[in-house]
Each structure stands twice: as structure tokens, then as C-alpha cells.
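Values quoted throughout were computed directly from the atomic coordinates according to the rules given, and no laboratory measurement underlies them. Remember, it's a predicted structure, so these values are computed and weren't measured experimentally. Counting neighbours? That spans all protein chains shown, and the Cβs are built from the backbone with ideal geometry, glycine included.
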Amino acid sequence: MILNYTMSGEFLENCITELGNENSTEISSKSTLEILKIINNEDIRVGPAVGRILPEIAALVDDIVLAFKSGGRLIYIGAGTSGRLGVLDASECPPTYGTDPSLVRGLIAGGEQALTRSIEAVEDDSQAGVAELKALDFASADVLVGITASGQAPYVLGALEYAIRLGAVTGAISCNRNSKTFELARHKLFADVGPEVVTGSTRMKSGTAQKLILNMLSTTAMIRWGKVYRNYMVDMIPVNQKLVLRSLRIIRELTGCSEEQAEEALEASGKKTRTAIVMRLLKVDSGTAEEILSAAEGRIGDIRIEDTKNIHD
């Protein structure tokens with residue numbers, strides 16, 4: 001499917017994210033506190049809007065987990081605020097869940113320099129996103145999620161169209177019912193947050209909704225993939241003092257061991273929190289713990305007594 005990437009005035013007139021908000025029409029004449037109350041009242045709409053599309057989010061998560069298990073990756077792509085949010089979510093996966101930096105990637109129109117300053121015109125290049133996907137060797141096993149509040153950024157549309165041609169799973173996050181991205185997405189995530197407090201300022205409610213959805217996508221996928229045990233991030237990488245202390249606390253709380261025992265296990269495991277937990281739970285060395293985890297596909301909650309017997313035998 002070849003989309004028309006030219007944006008029209010008619011499209012904007014029917015775009016929810018570009019409409020005026022009747023609840024904030026006189027906001028410029030309000031006091032500071034009154035302005036804050038108006039913003040807060042509008043922000044309250046975001047959570048329920050995301051809640052209404054949980055089944056659609058769940059379906060996308062399931063495809064992401066399947067991709068991970070098959071050696072595929074999750075790639076976010078967006079422009080402006082949407083792109084920055086995708087890059088942010090992707091960048092937090094390695095330290096939080098011990099993933100390879102290539103597993104979840106965020107692409108933003110304009111590249112790294114667009115993370116700290118506005119480079120708006122680059123989102124109009126429909127081939128730029130395609131070029132970046134090619135540079136990543138994007139393939140049919142991967143998942144591409146386009147993030148755009150209004151849903152009409154050519155940079156994102158071109159990339160989604162390319163992903164479809166390859167046979168990859170595609171998803172789209174938008175706050176506009178008429179989003180063009182939905183024409184190119186298997187998973188259509190429409191967060192109906194309504195018009196913005198400041199007309200067209202989609203970094204506000206739309207951006208908040210996108211951040212909530214991205215949190216859900218990556219966090220739930222990691223939980224389903226075994227990176228969380230109970231509600232602890234057991235595969236985190238303790239790369240600084242705070243994270244080392246967090247890792248030790250997780251080991252203690254999940255195994256009931258002492259501080260000294262947690263430190264010994266973490267050191268013997270090669271600073272692998274998940275391995276250290278199994279070492280303490282089953283009273284085994286690091287090599288045996290790794291074998292047991294491998295048999296359970298890395299999921300501590302799926303370790304069976306027979307798996308441990310087989311290892312010890």
C-alpha cells in the first residue's frame with residue numbers, strides 16, 4: 001500500500017490533536033493556580049484513555065514476546081516528542097532488564113541531535129526512516145512500532161510501509177482516530193485523550209499517553225519473557241553503587257539470606273542477579289544455577305524440582 005504522504009489542511013481540521021479544547025479556551029487569562037488545575041483536570045483523562053485499549057496493547061505485547069523468542073527485535077520510530085519517548089524507553093531496557101542494547105531500539109527523525117533540540121522538518125522525509133531501518137538490517141522477524149500523536153509524519157509512514165513489505169509485525173500509537181499510521185499497522189493503539197490544553201501541543205496529553213503505553217509494551221514484554229520474578233527486576237545489570245545495593249536487596253528479599261551471603265552469591269555469579277538468586281534458593285554453585293535457569297528458559301518461576309534433580313544427577 002502506497003500512502004499519500006502530503007499533509008492537507010483538511011486533514012488537520014479533522015485531527016483530534018489539532019482541535020481547540022473548550023475546557024481551556026480562556027486559559028491565557030487565568031491565574032497560575034487556575035492554569036494548573038485546568039492542566040491537571042485534562043491529564044486525568046489520559047489514564048482511562050489508555051485503559052480502554054488494553055486488549056490492543058496486549059495483542060502487540062504478545063507479538064513482541066514472540067519476536068524476542070524468535071531472535072527478533074523491537075524497534076520504535078517517531079519524530080519530535082514521540083521519537084524522544086521511544087528512544088527513552090528503549091535506552092532504559094538494558095540496565096533494567098539486562099538486555100542487549102540492540103534488542104529494543106528507538107529511532108528519531110533527525111538522529112541523536114534531535115534528542116536535545118527541535119529539528120521539525122526532518123519528519124517530512126518518508127525515505128529517511130526507511131534508510132535507518134535498512135542500516136539496522138531490519139527484517140521480517142522484527143517488530144516496528146510507529147509513534148506519532150497525529151499519525152501523519154512521513155518519516156514514520158515510510159518506515160511502516162517498508163516493514164509491511166518485509167512481512168514484519170507493525171504497530172502504531174496515535175491520539176488521532178484518523179491516523180494514517182493505522183492504515184499500515186497490524187496493531188492500532190488509539191489513545192483518545194481529546195484536544196490538548198494548548199491547541200496542537202502534543203507533548204502534553206498525547207505525549208503522556210504515549211509514555212504510558214511504551215512503559216506497558218516494554219515492561220510487560222520483559223515480564224512475559226522472564227526478566228521479572230514476582231515483581232522484582234531480577235535480570236538488572238548492577239553497574240553502579242545504587243544498582244549493586246538494589247541487586248543485593250533483591251537477592252536478600254527473594255531468598256531470605258543475609259547481606260554477606262547475598263554479596264558472596266552476587267560476586268560468585270559474575271554480578272548476575274538472577275543467577276545469584278537461584279544459587280541461594282537452591283544452594284548450588286553458579287554453574288549449576290546457570291544450567292537450571294537454562295532448562296527453565298531463564299524464568300525463575302518456571303524452575304521445577306525435576307529440573308534440579310536432573311542437574312544434580
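Quick notes
- Between helix 241-255 and the chain there is an angle of about 60 degrees, using the helix long axis and the longest principal axis of the Cα atoms.
- Gained length - residue 127 relative to residue 260, 0.36 nm times residue gap less alpha-carbon distance: 42.3 nm
- Stretched out straight at 0.36 nm per residue, the stretch from residue 58 to residue 240 would grow longer than its current Cα-Cα span by 62.2 nm.
- At 1.002 mPa s and 20 °C, Stokes diffusion of the range 86-244 via Kirkwood alpha-carbon radius, µm² per second: 128
- Eigen-decomposition of the gyration tensor built on the alpha-carbon atoms of the chain gives equivalent ellipsoid semi-axes of 41, 23, 16 angstrom, largest listed first.
- Against the main long axis of the alpha-carbon atoms of the chain, helix 154-166 sits at an angle near 50°.
- Rounded tilt (10° steps) of 259-268 against the dominant C-alpha axis of the chain: 80
- Modelled spin labels at residue 203 and residue 44, positioned 7 Å past Cα toward Cβ, are 2.6 nm from each other.
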